Amino acid sequence: MPALINPSILSADFANLERDLGAIGTADFAHVDVMDNHFVPNLTLGLPVFERLAQVSPVPLDAHLMIEDPDRWAPQYAEAGAASVTFHAEAAQAPVRLARELRRQGARTGVALRPATPVEPFLDLLTEVDMILVMTVEPGFGGQSFIEGTLPKIRRAREAISAAGLDVWIQVDGGVSRSTIERAAEAGANVFVAGSAVYGADDVPAEIETLRRLAGAHAH
């Protein structure tokens, strides 16, 4: 399974988002964090901005909805042009119904878990999703340090996916950098969200390539 690098535009310059999307043209997806100041204590951007980004991005958009009521809002991000839409397990009222609706609209569908949310309830529903996002920090802010205690959860998810013979991706988001990406890949992650590690680099394309190589060397 190839290692996919999804830089987070949470670390981009919000006054120059089109420019900063252009800077990550060699990435696999652009990770767009949608925060509503209810589910997480931060407010970022919503549908009108997202829709516009989808029109100008050189790479597909990976929407991470850290919002309440994703049952209502998530399908609109698929409509707005998201290639992948991830909603939080803790916020969705009817996750299977929502996942099916997102797929019906042609988007990959992901379910996100906060660090303390167990993965086990979702292991029986793996056929309904395309990706599990294991948050490796508490969602809400960029620049936090990687929580090592999430690695066993990644491992258990990968074991269950392999045992079922499914092609479900595991994404990690939070504190992903050169110093943590190999351990996350070793545990079974194959999609890596990196914000400050990418946008803080002197040479953004080179950093994307370095992260891809480090993760790929440990890929399952």
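Worth pointing out:
- Of the residues making up the range 161-169, at least one is of a type in the set (Phe, Trp, Tyr) and at pLDDT 95 or above.
- Within the range 101-114, the set of residues being part of a helix (DSSP H, G or I) and hydrophobic (A, V, I, L, M, F, W, C) comprises LEU102 only.
A quick yes/no check of all residues on (1) within 15 Å of the chain's Cα centre (by Cα); (2) aliphatic (A, V, I, L, M):
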| position | (1), (2) |
| --- | --- |
| PRO121 | no, no |
| THR127 | no, no |
| MET135 | yes, yes |
| GLY142 | yes, no |
| LEU151 | no, yes |
| ARG156 | no, no |
| VAL168 | yes, yes |
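- Of the listed requirements (1) touching a Gly at 6+ places or on another chain (Cβ under 7 Å); (2) more than 20 Å from ASP167 (Cβ to Cβ), THR86 misses just one: (2).
- Tally of residues being of a type in the set (Ser, Thr, Tyr) and closer than 20 Å to ARG108 by Cα across the range 36-66: 1
- Enumeration of residues in the range 184-199 that are within 23 Å of PHE122 (Cα to Cα) and in a helix (DSSP H, G or I): ALA184, ALA185, GLU186, ALA187
- Enumeration of residues in the range 147-177 that are of a type in the set (A, V, I, L, M) and either in a loop (DSSP other than H, G, I, E, B) or touching a residue at least 12 places away in the same chain (Cβ under 8 Å) (or both): ILE147, LEU151, ILE154, ALA157, ALA160, ILE161, ALA164, LEU166, VAL168, ILE170, VAL172, VAL176
- When ALA82 is tested against (1) closer than 16 Å to MET135 by Cβ; (2) touching a residue at least 24 places away in the same chain (Cβ under 8 Å); (3) of a type in the set (Gly, Ala, Ser), just one condition goes unmet, and that condition is (1).
A quick yes/no check of all residues on (1) part of a loop (DSSP other than H, G, I, E, B); (2) touching a strand residue (DSSP E or B) at 6+ places or on another chain (Cβ under 9 Å); (3) buried (at least 17 other Cβ atoms within 10 Å of the Cβ):
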| residue | (1), (2), (3) |
| --- | --- |
| THR86 | no, yes, yes |
| ALA99 | no, yes, yes |
| PRO118 | yes, no, no |
| PRO121 | no, no, no |
| LEU125 | no, yes, no |
| SER145 | yes, no, no |
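The values are calculated or read from the model by the stated rules, or taken from the named source; none is laboratory data. This one's a predicted model, so the numbers in the text were calculated from it and none came from an experiment. Heads up, the Cβs are rebuilt from the backbone with ideal geometry, glycines too, and the neighbour counts pull from every protein chain shown.
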